[in-house]
Amino acid sequence: MSRIKVGIIGMGFIGVSHIDAVRRIGFAELVAVADVNYTLAKKKADEYYIPKCFKTVDELLADTEIQVVHNCTPNNLHQEVNEKIIRAGKHVFSEKPLARSSAESASTLKLLDQTSGIVHGMNFIYRMNPLVQDMKQKVKNGEIGDVKLVYGTYLQDWLLFETDYNWRIEPEINGPSRCVADIGSHWMDAVQAVTGAKITEVCADLVTTIPVRKKAKGQVETFSINTNAEYEDREVKTEDYGAVLIKLDNGAHGVFCVSEVSAGRKCRLDFEIDGTKSALYWNQEMADQMWVGFRDRDNSLVLRNSQLMAPEARQYTYLAAGHPEGWNDAMRNNVYSYYKFIRDGKAIGKDPCDFATFEDGHYIMKLTEAILKSNETRQWIKL
Ligand SMILES: NC(=O)c1ccc[n+]([C@@H]2O[C@H](COP(=O)([O-])OP(=O)(O)OC[C@H]3O[C@@H](n4cnc5c(N)ncnc54)[C@H](O)[C@@H]3O)[C@@H](O)[C@H]2O)c1
């Protein structure tokens, strides 16, 4: 069987991680990249020995060799580019959030309904960490009892200073929710994957801690520290921080907190699942450890070890215990699962899959909008 041919659109911060992930899949072959910034696309193509390089989405999609396309563009292009990929009859792997609004993501789902055979996947990475998969099995097997409480955070500091600026600050490009859509979406996806339950009610408090930011004149790279002295003031309409009370359809209650202005916190996604017998805690910045809490015996700190993990979770780990695995490896697991699904001729809606699909992405768009509405109306919102 020949290797699955791949194209990646968007060579910014996350696009390069997609190159790495695809290159780690033996039965996938990266044949092309595209970026509106052609100089950047060419640089990456040369650096990674990728044979073809394009400036536009249409040029890449016209290449008949390409079977799967990754969409790594900013949020305002997710719907348009995903729909172009689907219309071109290619499988689509999209960055999150699926769109800027649930109206946009609903349009993409409608198009998928009218098309057959497209495998759609999303890059919700954290659910693919080996210990998160182990937690999922522990919950499923009833090891922690009934899940009663779920809580955690996703904290970052890359927008702490008023001079920190990025396209994510601009609602026309980013969408009306920033923190919740950008990082809260990851938290919600991971927790829903572990508990096997859906968040169905939300009550939110969102805050813009920096109402006016200083945008540097000229181009600023995502997550870079800006040293340019020339700025213009920009009003900020989206949240820097959010606290969200949640209820899940398994009867559990919980809360999560997201922030992009918490000094010292880089990518602190963590969550605790409290059951009637024991509790599980995981923090992605220490991805190879899982805390297990007990009432009637000593707590334990479990180190990732494939030989001791639930059999179903072992496929998500490949290094021997003690050799750290982390974000890149979880991303590789996500991309691998998606490609394996395609290679094995499986179909979304018919065969079970462990990666997030566009349906999952659309549900998270609806949750994000419910959170915005709750903050506006100061009320619980039920989906
Ligand atoms: N899954 C994750 O953990 C994760 C992490 C970071 C970013 N993301 C998502 O990835 C997406 C991109 O984020 P980023 O941080 O890489 O942004 P970025 O600004 O660093 O990169 C975006 C790239 O898209 C290119 N681009 C813009 N318009 C284009 C067009 N019309 N055609 C082709 N290329 C175009 C830009 O030139 C840029 O190189 C966002 O939606 C973001 O939410 C996901």
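The values are calculated or read from the model by the stated rules, or taken from the named source; none is laboratory data. None of the values given here were measured: they were computed from a predicted structure. Methodologically, a virtual Cβ is constructed for each residue, glycine included, from the backbone with ideal geometry; neighbour enumeration extends over all protein chains shown. These area figures cover heavy atoms from the full protein model, side chains too; ligands, DNA and RNA do not enter into them. Shrake-Rupley method; radii C 1.70, N 1.55, O 1.52, S 1.80 Å.
In order along the stretch 344-354, the phi-based Karplus estimate (6.51 cos²θ - 1.76 cosθ + 1.60, θ = phi - 60°) of 3J(HN,Hα) comes to 7, x, 7, 10, 5, x, 10, 10, x, 9, 9 Hz; Gly and Pro are listed as x. When you work out D = kT/(6 pi eta Rh) for the chain at 25 °C and 0.890 mPa s, using the Kirkwood radius from C-alpha pairs as Rh and the Stokes-Einstein form, the result is 114 µm²/s.
Of the accessible area of the stretch 238-383, computed with a 1.4 Å probe over protein heavy atoms only, carbon and sulfur atoms account for 50 percent.
Based on alpha-carbon atoms only, what is the radius of gyration of the stretch 289-383 relative to the globular estimate 2.2 N^0.38 Å? With N residues counted in the stretch 289-383, Rg over 2.2 N^0.38 Å equals 1.52. The accessible surface of the stretch 4-122, taken with every protein chain in place and a 1.4 Å probe, is 52 percent carbon and sulfur. Of all DSSP beta bridges confined to the chain, the antiparallel ones make up roughly 60%. Rounded to a whole number, what % of the accessible area of the stretch 167-217 do carbon and sulfur atoms account for, probe 1.4 Å? Roughly 58 percent of what the probe reaches on the stretch 167-217 is carbon or sulfur. Build a GNM of the chain with springs between Cα atoms under 10 Å: which of ALA103, ALA252, ALA229 gets the top mean-square fluctuation? Top of the fluctuation ranking is ALA229. Candidate membrane-span-like segments in the chain, meaning DSSP H helices with Cα atoms spread over at least 18 Å of their own axis and a Kyte-Doolittle mean of -0.5 or above, are 358-377, with no membrane implied.
Using the structure shown, select from LYS217/LYS237; LYS148/LYS277; LYS247/LYS350 the pairs with a Cα to Cα distance greater than 22 angstrom. Violating the 22 Å limit, Cα to Cα: LYS247/LYS350. Structure shown: which of LYS140/LYS340; LYS140/LYS382; LYS90/LYS340 lie over 18 Å apart, alpha-carbon to alpha-carbon? Check vs 18 Å cut-off fails for LYS140/LYS340; LYS140/LYS382.
Under the shape rule built on the C-alpha gyration tensor, where the axes satisfy a ≥ b ≥ c, the stretch 4-122 is prolate, since a/c reaches at least 1.5 and a/b is greater than b/c. With contacts taken as Cα pairs under 8 Å at a separation of at least 6 residues, the chain carries a relative contact order of 20 percent. At a probe radius of 1.4 angstrom, the accessible area of the chain per residue rounds to 44 square angstrom. Checking the a/c ratio against 1.5 first, then a/b against b/c, what shape does the Cα gyration tensor give for the stretch 240-327? Since a/c reaches 1.5 but b/c is at least a/b, the shape of the stretch 240-327 is classed as oblate.
Every helix of 4 or more DSSP H residues in the chain counts as -39500 (n - 2.57), and over all residues that averages to -9000 deg cm²/dmol at 222 nm. Restricting the stretch 337-383 to trypsin sites (Lys or Arg not before Pro) that sit in a DSSP loop and have at most 12 other Cβ atoms within 10 Å of their own Cβ leaves LYS350, ARG378.
From most to least packed by mean Cβ count within 10 Å, the peptides 124-136, 260-272 give 124-136, 260-272.
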